Amino acid sequence: KIEEFFMSRDPSFVCRDSMDPVTTTHACFDSLLIPHDHQSRKPSDTYYIDEHSLLRTHTSCHQTELLTSGLTKFLCTGDVYRRDEIDASHYPAFHQMEGVKLIDRCTGIEKRGEWVDICIEELKDDLEAMVDHVFGKVEKRWVDAYFPF
């Protein structure tokens, strides 16, 4: 239903759900500017195949590849793998979906505040409409919070 929503809202959205779960440390960490000392890079958190290859820990590892291929609006869906202890809220493999949308009307804007306002407006509009599409009309609220990872 989520893919259907975004493609019906904007036919230029592309959905990718069969990308290789084996990726490189460059794609998974370096191209996303994840620091070398970040916890997610540790062998206790990531399934490494060798020094340069691993099972993806998030679908974000495909962002650079998809953006450099020329895509500007896409959903990327797939299984991700993390070395988690199994409990009520953790499992070593789970399904993740993320979306990327470059906003045309932000092109050329030099004032950061104006650009941020447009991005927040579009993000909220897209997410609220998606929630209504999936669950029907429901009450929604936004809470300003910071979550680094």
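The values are calculated or read from the model by the stated rules, or taken from the named source; none is laboratory data. Owing to the predicted nature of the structure, the values given are computational and were not obtained by experimental measurement. Note that we place each Cβ from the backbone using ideal geometry, even for glycine, and neighbour counts take in every protein chain shown. Side chains included, ligands, DNA and RNA excluded: accessible areas come from the protein's heavy atoms. Shrake-Rupley method; radii C 1.70, N 1.55, O 1.52, S 1.80 Å.
Looking only at the stretch 36-62, which residues are in a loop (DSSP other than H, G, I, E, B) and closer than 24 Å to ARG16 by Cα? Walk me through it before giving the result.
Narrowing the stretch 36-62 to residues in a loop (DSSP other than H, G, I, E, B): 36-38, 42-47, 49-52, 56-58.
The answer is THR46, TYR47, ILE49, HIS52, ARG56, THR57, HIS58.
Restricting to the stretch 86-113, and then to whatever is surrounded by 10 or more Cβ atoms within 10 Å (Cβ to Cβ) and β-branched (Val, Ile, Thr), can you tell me which residue is modelled with the highest pLDDT?
For the stretch 86-113, the residue satisfying everything is VAL100.
Please state which of the following conditions GLU65 fails to meet, knowing it meets all the rest: (1) over 18 Å from ARG9 (Cα atoms); (2) outside any helix (DSSP H, G or I); (3) among the charged types (D, E, K, R).
Of (1) over 18 Å from ARG9 (Cα atoms); (2) outside any helix (DSSP H, G or I); (3) among the charged types (D, E, K, R), only one is false for GLU65: (2).
Test ILE118 against the stated conditions and say whether it is more than 19 Å from LYS1 (Cβ to Cβ), surrounded by 12 or more Cβ atoms within 10 Å (Cβ to Cβ), in contact with a Phe, Trp or Tyr (Cβ under 9 Å, 6 or more places away or on another chain) and without any contact (Cβ under 8 Å) to a residue 40 or more places away in the chain. Outline the logic, then answer.
Details: more than 19 Å from LYS1 (Cβ to Cβ): yes; surrounded by 12 or more Cβ atoms within 10 Å (Cβ to Cβ): yes; in contact with a Phe, Trp or Tyr (Cβ under 9 Å, 6 or more places away or on another chain): no; without any contact (Cβ under 8 Å) to a residue 40 or more places away in the chain: yes.
Considered against the rule, which asks whether it is more than 19 Å from LYS1 (Cβ to Cβ), surrounded by 12 or more Cβ atoms within 10 Å (Cβ to Cβ), in contact with a Phe, Trp or Tyr (Cβ under 9 Å, 6 or more places away or on another chain) and without any contact (Cβ under 8 Å) to a residue 40 or more places away in the chain, ILE118 comes out as no.
Any idea how many residues of the stretch 1-20 are open to solvent by less than 60 Å² (accessible area, probe 1.4 Å), closer than 14 Å to GLU65 by Cα and in a loop (DSSP other than H, G, I, E, B)?
1
Would you pick out the residues in the stretch 63-85 that are open to solvent by 30 Å² or more (accessible area, probe 1.4 Å) and touching a Pro at 6+ places or on another chain (Cβ under 7 Å)?
Selection gives ASP79, TYR81, ARG82, ARG83, ASP84.
Just a yes or no: is a residue in the stretch 68-76 without any contact (Cβ under 8 Å) to a residue 12 or more places away in the chain and part of a loop (DSSP other than H, G, I, E, B)?
yes
Just the residues that are touching a helix residue (DSSP H, G or I) at 6+ places or on another chain (Cβ under 9 Å), hydrophobic (A, V, I, L, M, F, W, C) and under 14 Å from GLY99 (Cα atoms), please, taken from the stretch 119-135.
CYS119, MET130
How many of the residues making up the stretch 101-123 are assigned to a helix (DSSP H, G or I) and within 26 Å of VAL80 (Cα to Cα)?
From the stretch 101-123, those assigned to a helix (DSSP H, G or I) are 104-106, 112-123; that's our starting set.
Checking which are within 26 Å of VAL80 (Cα to Cα) leaves us with 123.
Going through the stretch 101-123 one residue at a time, the tally reaches 1.
In contact (Cβ under 8 Å) with a residue 24 or more places away in the chain, within 29 Å of LYS1 (Cβ to Cβ) and either touching a Lys or Arg at 6+ places or on another chain (Cβ under 9 Å) or not in a helix (DSSP H, G or I) (or both), is that true of GLU98?
Working: in contact (Cβ under 8 Å) with a residue 24 or more places away in the chain: yes; within 29 Å of LYS1 (Cβ to Cβ): yes; either touching a Lys or Arg at 6+ places or on another chain (Cβ under 9 Å) or not in a helix (DSSP H, G or I) (or both): yes.
So GLU98 fits the description; yes.
Show the residue pairs that are 6+ apart or on different chains and have beta-carbon atoms under 9 Å apart, the first residue being within the stretch 127-140 and closer than 20 Å to LEU75 by Cβ, the second being among the polar types (S, T, N, Q).
Once the first residue is closer than 20 Å to LEU75 by Cβ and sits in the stretch 127-140, its partners that are among the polar types (S, T, N, Q) give HIS133/SER8.
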